[in-house]
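Have a look at the structure below, then the notes.
The values are calculated or read from the model by the stated rules, or taken from the named source; none is laboratory data. This structure is a prediction, so every number in the text was calculated from the model and none was measured. Cβ placement follows ideal geometry from the backbone for every residue including glycine, while neighbour counts extend to all protein chains displayed.
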Amino acid sequence: MEKIPVFAPHIHIDTLKHLTDALNIGWLGMGAITKEFEERIATFLGLDNRYVVATNTGTSALHLALRVAGIGPGDEVITPSFNYVADHQAIRMTGANVVMCDIRDDNLGIDCEKAELLITEKTKVIIPLHFAGIPCDQTGVYQLAEKYGLRVIEDAMHAFGTTINKRKMGSYGDITCFSFDPVKIITSIDGGCVVVNSLEEVQRLHRMRLLGVDKDTTERYKNQVRHVFLET
Ligand SMILES: Cc1ncc(COP(=O)(O)O)c(C=O)c1O
């Protein structure tokens, strides 16, 4: 009997051309193509005074977002129990503690009434998840954040392209993280990005995503070092 795949990756001639073009440039590190990727995401999302920083995975995006929000040992981060383990790992990597919250039946996202009961003086961040691209109770999350002075880091890994009231997920709010791993809406095989509201946070993210190197970002984006192809 013929099997019908649930999904197969869409790898077309244009994808292959982008890959060979990238290799032909001869710059095998983060460079101009990363910058173009960030700019095209910003354009797709319709960003206004919000900025995209590409990362190597969605998990790194969450980890760096938590670090940029100042999260560290002893802090508490509320996130749905129905979530991918990456969120819990990213929180633990900062030394903070995971506080799991129940979800709602209707949208499979965080239950804000239950989340409120979990808030303590150690709570610093809420990470809601938009499961399968279905928006969670975003208004409720931001109301809680405002009431208790919390940062929000949206796990929008499944929600690249999700639109609410004609606005794309990630184009507003506090920090938004996307993943471009092989089972996401678009893929770079592995990859992710963080969207933030301030250039100061962009600078810190540039430093943290690459071993503390930040002065080099502009130079890297120019692809100035060229590879020499050896004839065989
Ligand atoms: C909800 C959720 N959060 C985080 C991640 C981590 O993303 P990545 O695989 O790009 O590290 C995933 C990936 O499957 C995910 O589904």
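Scanning region 54-75 for residues that are farther than 22 Å from residue 208 by Cα and at pLDDT 95 or above turns up nothing.
Can we say residue 133 is in contact (Cβ under 8 Å) with a residue 24 or more places away in the chain and surrounded by 19 or more Cβ atoms within 10 Å (Cβ to Cβ)? Criteria not met by residue 133.
For region 136-169, filtering for residues that are of a type in the set (S, T, N, Q) and crowded, with 16+ Cβ neighbours inside 10 Å leaves 2.
Applying the selection to region 176-204, what residues are among the polar types (S, T, N, Q) and either closer than 15 Å to residue 84 by Cβ or buried (at least 24 other Cβ atoms within 10 Å of the Cβ) (or both)?
Those that are among the polar types (S, T, N, Q) and either closer than 15 Å to residue 84 by Cβ or buried (at least 24 other Cβ atoms within 10 Å of the Cβ) (or both): 176, 179.
Taking the conditions (1) farther than 19 Å from residue 204 by Cβ; (2) in contact with a Phe, Trp or Tyr (Cβ under 8 Å, 6 or more places away or on another chain) in turn, residue 54 satisfies each one other than (1). With respect to the stated conditions, residue 78 fails to be hydrophobic (A, V, I, L, M, F, W, C) and in contact with a Lys or Arg (Cβ under 9 Å, 6 or more places away or on another chain). Scanning region 74-96 for residues that are in contact with a strand residue (DSSP E or B) (Cβ under 9 Å, 6 or more places away or on another chain) and part of a loop (DSSP other than H, G, I, E, B), we see that the one that is nearest to the ligand (Cβ to nearest atom) is 84. Among the residues of region 30-73, those that are away from the ligand (no atom under 16 Å from the Cβ), outside any helix (DSSP H, G or I) and either without any contact (Cβ under 8 Å) to a residue 12 or more places away in the chain or not β-branched (Val, Ile, Thr) (or both) comprise 30, 31, 46, 47, 48, 49, 50, 51, 69, 70, 72, 73. Looking for something assigned to a loop (DSSP other than H, G, I, E, B), farther than 30 Å from residue 24 by Cα and within 16 Å of the ligand (Cβ to nearest atom) - is there at least one such residue anywhere in region 170-178? The answer is yes; a qualifying residue exists. Of all residues in region 77-96, those that are of a type in the set (A, V, I, L, M) have Cβ atoms under 6 Å from Cβ atoms of residues that are assigned to a strand (DSSP E or B) and surrounded by 15 or more Cβ atoms within 10 Å (Cβ to Cβ), 6 or more apart or on another chain, in 77/125; 78/99; 78/101; 78/126; 91/77; 91/98; 96/77. Residues in region 134-165 that are farther than 20 Å from residue 185 by Cβ and part of a strand (DSSP E or B): 151, 152.
Given the structure, is residue 41 closer than 28 Å to residue 213 by Cβ, of a type in the set (A, V, I, L, M) and touching a strand residue (DSSP E or B) at 6+ places or on another chain (Cβ under 7 Å)? If you could, list the steps in order and put the result at the bottom.
Values: closer than 28 Å to residue 213 by Cβ: yes; of a type in the set (A, V, I, L, M): yes; touching a strand residue (DSSP E or B) at 6+ places or on another chain (Cβ under 7 Å): yes.
For residue 41, the condition - closer than 28 Å to residue 213 by Cβ, of a type in the set (A, V, I, L, M) and touching a strand residue (DSSP E or B) at 6+ places or on another chain (Cβ under 7 Å) - is met.
Residues of region 180-199 include none that is away from the ligand (no atom under 16 Å from the Cβ), part of a helix (DSSP H, G or I) and free of Cβ contacts under 8 Å to residues at least 12 places away in the same chain.
The residue of region 97-122 that is farthest from the ligand (Cβ to nearest atom), among those that are in a loop (DSSP other than H, G, I, E, B) and in contact with a helix residue (DSSP H, G or I) (Cβ under 7 Å, 6 or more places away or on another chain), is 119.
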